[in-house]
Amino acid sequence: MNQREFIDKKEKNTIQFHKRQGEKNQYLGEYKERIIALLYKDQLIEDDVYSEILEEMKSPQCYLLKLAREVGLEKLKPYIKEAEKIKLKYQLVDGLNYIGNVGLILVAKEALNERKENLAIRDMDQDFIDIGLGEVFSKARGKKICKKCYKKVEDEIPKYKDEFKKLNILDRLFGKQCAICEKGEEIK
């Protein structure tokens with residue numbers, strides 16, 4: 001190997017190292033091939049607890065739960081409680097080197113055999129958006145809604161109907177409004 005080939009090989013290795021470090025900084029300090037699933041910060045902040053993450057936490061390949069501290073403990077608590085309950089190791093991390101919008105990752109001890117193209121769990125709101133109901137329906141889960149809105153959920157996306165409650169006569173007497181209609185959404 002001559003001197004030029006040696007320098008080229010050294011440069012390639014240096015470039016590869018920096019590329020890998022950049023990747024790690026994007027995924028809270030972990031290599032992409034070890035990540036089982038992830039959530040973005042806005043998913044953690046805006047949405048309820050993702051049952052998909054809770055299920056993946058129980059899988060035998062899951063070794064560590066890493067959470068971005070800047071999301072806020074209030075939104076991270078359900079995941080921490082579940083990790084403690086099943087005795088899964090977890091870490092709250094923060095750092096200036098971390099780039100991107102990743103807020104939670106589930107990590108395997110070793111690189112995974114099957115590599116997923118998209119590691120992020122599908123956003124909860126997306127199901128409602130895809131069928132044309134909009135984000136307002138997703139954000140109203142767990143709240144009371146009118147018969148018209150409930151019927152819309154029942155017809156369009158029945159798998160979520162149990163996540164809504166119907167307004168009753170007492171609610172109406174006390175001035176309670178539909179969580180969807182009060183946002184000004186027009187139901188067709």
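The values are calculated or read from the model by the stated rules, or taken from the named source; none is laboratory data. Keep in mind that this is a model prediction, so the values were computed, not measured. Every residue, glycine as well, gets a Cβ built from its backbone with ideal geometry; the counts of neighbours run over all protein chains shown.
A few comments on the model shown:
- Selection of first residues in region 35-54 that are without any contact (Cβ under 8 Å) to a residue 60 or more places away in the chain and of second residues that are of a type in the set (D, E, K, R) and surrounded by 15 or more Cβ atoms within 10 Å (Cβ to Cβ), restricted to Cβ pairs under 7 Å at least 6 apart or on distinct chains, gives the following pairs, ordered by first then second residue: Ile45/Lys75; Leu54/Glu82.
- Residue list for region 137-188, filter: closer than 15 Å to Asp48 by Cβ and crowded, with 17+ Cβ neighbours inside 10 Å: Phe137, Ser138, Lys139, Ala140, Arg141, Tyr160, Phe164, Ala179
- Set Leu106, Leu88: member being in contact with a strand residue (DSSP E or B) (Cβ under 8 Å, 6 or more places away or on another chain), closer than 28 Å to Arg141 by Cα and either crowded, with 17+ Cβ neighbours inside 10 Å or touching a residue at least 12 places away in the same chain (Cβ under 8 Å) (or both): Leu106
- Qualifying residue in region 11-32 (condition: of a type in the set (Asp, Glu), modelled with pLDDT under 90 and farther than 24 Å from Lys109 by Cβ): yes
- Residues located in region 55-71, provided they are loosely packed, with under 15 Cβ neighbours inside 10 Å and within 14 Å of the chain's Cα centre (by Cα): Glu55
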